[in-house]
Amino acid sequence: MKDISAPTLDAPAALYWGEGITPPEDGKAIWLFPSDGVRLRAAVWPEGRRGTVVLFQGRTEFIEKYVEPIRRFRDMGFALATLDWRGQGLSERPLADRRKGHVGDFAEYQRDVDALLAHLADIQAPKPWILVAHSMGGGIAARALMRVNSGPSTQFAGAVLTAPMLEIFGSPGFLTASRAVSSLVGAVGMRKRYALGCDRKTAAEIGFRDNVLTSDAERFDRYARQVTGEDALALGGPTWGWLRAALRETARLEPTRTPMLICIGTDDTVVSTDAAHRFAADAERAQVAMLAKARHEPFLETDAVQEKLWSAIDAFLKDLEI
């Protein structure tokens, strides 16, 4: 195991793909510093004849987990850029317990977005830019599109959202109770404690049998080996503060006119598929692709699921003439 738990400011950013994994070629890891000075790890593959894919990860995730889609988009002719959100991967984490997933407000993630987009502008990343976002990254993407695609100088030609976190999975009563409890707990100074039912365990430590991410054992095992091989990449459950911020943010998201493909697994029990359908129905240029027998992470799913996923993405890009 490499000692990467506390990379110093003057050390170069690096990628740690894991044993037996062939990484996409020509990528470079870098440090980015948004307006509040938090250190973020990003990675860029700068050359692409068809444009640039900007990849937003979900909660707990890290760059290396996306080895397959990165390689696929590169083979399709796209440049690609992604980053570890603040508080996860090898980006700076706010709490002494690195396993706690915490943020004070989802507006903080928009600073990360701005830092990445500024870097892409600086290096003149090829246009058009396509936003690809998963889960929590999908919620962050929806907010980013409200900000940077709402005026005449739009940044993104289109967006692909997989299992977007537009609402957390649960009944209306559960969500109402969660909002009330998370606000109360935050008010009494417990916002940095694990939310009810959450702890330090990663999905890798929970194990394949009980995982809600994928039904593909081989891909789950690859992800598990990455986390257990590089413990600094590991992240456990969210804090009450993260939950409160997430519930507040998802209640305020609105669709834009950006052409959008939303891919939803029929067996997803992490985010609300109903919310995704409502979001798409309210949007002017959104379409939904249902992925049969897919759990929460289509990019980590079986070959059969991924065939449907990539077919939908190819058709969407063709419609955009990209």
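Quick notes on this structure:
- Assigned charges on the beta-carbon of Lys, Arg, Asp, Glu; the chain dipole about Cα centre (debye): 760 debye
- Selection from Leu83, Phe220, Trp242, by position along the positive dipole direction of the chain (Cβ): Trp242
- When the chain is described by a simple charge dipole with +1 on each Lys and Arg Cβ and -1 on each Asp and Glu Cβ, the residue from Gln287, Pro12, His102 located farthest towards its positive end is His102.
- Spin-label proximity, Arg111 to segment 225-244 - amide N less than 17 Å from point 7 Å beyond Cα toward beta carbon: 242
- Counting 0.36 nm for each residue step from Ile123 to Ala217 and taking away their Cα separation leaves a gain of 30.0 nm.
- Residue-normalised accessible area of the chain, given per residue in Å² at a 1.4 Å probe: 44 Å²
- Here the dipole of segment 205-322 is about 340 debye; that uses its Cα centre as origin and unit charges on the Cβ of Lys and Arg (positive) and Asp and Glu (negative).
- Dmax and Rg, reported as Rg then Dmax, of the chain (C-alpha, Å): 18.3, 53
- Taking every DSSP helix (H) stretch of at least 4 residues in the chain, weighting each as -39,500 (n - 2.57) and dividing the sum by the residue count yields a mean residue ellipticity at 222 nm of -10500 deg cm²/dmol.
- Compared with the alpha-carbon gap, the fully stretched path from Arg200 to Ala304 is longer by 34.2 nm at 0.36 nm per residue.
- Exposed GluC sites (Glu not before Pro) absent: longest stretch of the chain, with sites in DSSP loops and at most 14 other Cβ within 10 Å deemed exposed: 48-283
- Taking 7 Å steps out from each Cα toward its Cβ at Ser311 and Glu254 produces label points 3.7 nm apart.
- DSSP-defined antiparallel bridges as percent of all bridges, the chain, nearest 5: 30 percent
- Protein accessible area in the chain, 1.4 Å probe - carbon and sulfur %: 50 percent
The values are calculated or read from the model by the stated rules, or taken from the named source; none is laboratory data. All values reported here derive from a predicted model rather than from experimental measurement. Neighbour counts are summed over all protein chains in view; Cβ atoms, including those assigned to glycine, are modelled from backbone coordinates with ideal geometry. Side chains included, ligands, DNA and RNA excluded: accessible areas come from the protein's heavy atoms. Shrake-Rupley method; radii C 1.70, N 1.55, O 1.52, S 1.80 Å.
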